[in-house]
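Below is one structure, written out as structure tokens; comments come after it.
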Amino acid sequence: MILLISCANPKPRKPVAHTGRMDMSQSIAFNKQLNKDELNRIKAYIRRDSTHTYINSQRGFWYTYLAKNEKDTLSPKKGNEVVFLYDIKDLQGNEIYSEDTLGRKTYLVDQEDFMQGIQEGIKLMRINEKILFLLPSSKAYGVYGDQKKIAANTPLVVTLELITIRK
């Protein structure tokens, strides 16, 4: 008898409420604030650097020429192999990765995964040019960082020198 009564009416379980998760409106508000804060930090960096004129790329990052090549007109295109040197710093000027640590990088334009800001920025360059890029986190390593030295949502200063372009 006890066996029949205990199995007769199982009680339904209530759904588990998940707390601590953002809904879509909270996520949108968070990202808008993050973008605003990073933009303010980048603009402060630009104001502190009175020796250079920065260009807004209209692609979400800023850059300035440290060495400009006025002679050549060849810029990297999709499928070209480029060789470059670069280093990475934070907006306070602290070195994250040095040029010596990173070494020469060989990259197939628009055919390999790399920092989005650099993928876009390298196409603005000519051989022997050196450009300083100011990248918001969305154009750098984004919400994950690089899982080593670059934390999530970190805007970066990348200095890049284009060595060669091969078709």
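The values are calculated or read from the model by the stated rules, or taken from the named source; none is laboratory data. Everything numeric here is computed off the predicted structure, so don't read it as measured data. Don't worry about glycine lacking a Cβ; one is built from the backbone with ideal geometry, like all the others, and counts go over all protein chains shown.
Just for segment 16-48: of the residues that are among the charged types (D, E, K, R) and farther than 23 Å from Gly60 by Cβ, which one is modelled with the highest pLDDT?
Of everything passing the filter in segment 16-48, Asp23 is modelled with the highest pLDDT.
Quick check on my filter: what residues within segment 121-150 are over 11 Å from the mean Cα position of the chain (by Cα) and acidic (Asp, Glu)?
Glu129
Here is a list of conditions, (1) within 25 Å of Arg48 (Cα to Cα); (2) without any contact (Cβ under 8 Å) to a residue 12 or more places away in the chain; (3) aliphatic (A, V, I, L, M), and Val143 meets all of them except one; can you say which number that is?
Val143 satisfies all of (1) within 25 Å of Arg48 (Cα to Cα); (2) without any contact (Cβ under 8 Å) to a residue 12 or more places away in the chain; (3) aliphatic (A, V, I, L, M) except (1).
Sort through Ile42, Ile46, Ile96 and tell me the only one that's touching a residue at least 60 places away in the same chain (Cβ under 8 Å) and under 12 Å from Val158 (Cβ atoms).
Ile96
Within segment 117-136, which residues are in contact with a strand residue (DSSP E or B) (Cβ under 8 Å, 6 or more places away or on another chain) and part of a helix (DSSP H, G or I)?
Selection gives Gly117, Ile118, Gly121, Ile122, Leu124.
Could you go through segment 67-74 and let me know if any residue there is in a strand (DSSP E or B), on the phi < 0 side of the Ramachandran plot and surrounded by fewer than 19 Cβ atoms within 10 Å (Cβ to Cβ).
yes
For Tyr63, only one of the following conditions fails: (1) at pLDDT 85 or above; (2) assigned to a loop (DSSP other than H, G, I, E, B); (3) hydroxyl-bearing (Ser, Thr, Tyr). What is its number?
(2)
Tell me, yes or no, whether segment 5-13 has at least one residue that is at pLDDT 95 or above and part of a helix (DSSP H, G or I).
No, segment 5-13 contains no residue that is at pLDDT 95 or above and part of a helix (DSSP H, G or I).
Report, by residue number, each residue of segment 100-116 that is touching a residue at least 24 places away in the same chain (Cβ under 8 Å) and either acidic (Asp, Glu) or part of a strand (DSSP E or B) (or both).
Scanning segment 100-116 gives Thr106, Tyr107, Leu108, Asp110.
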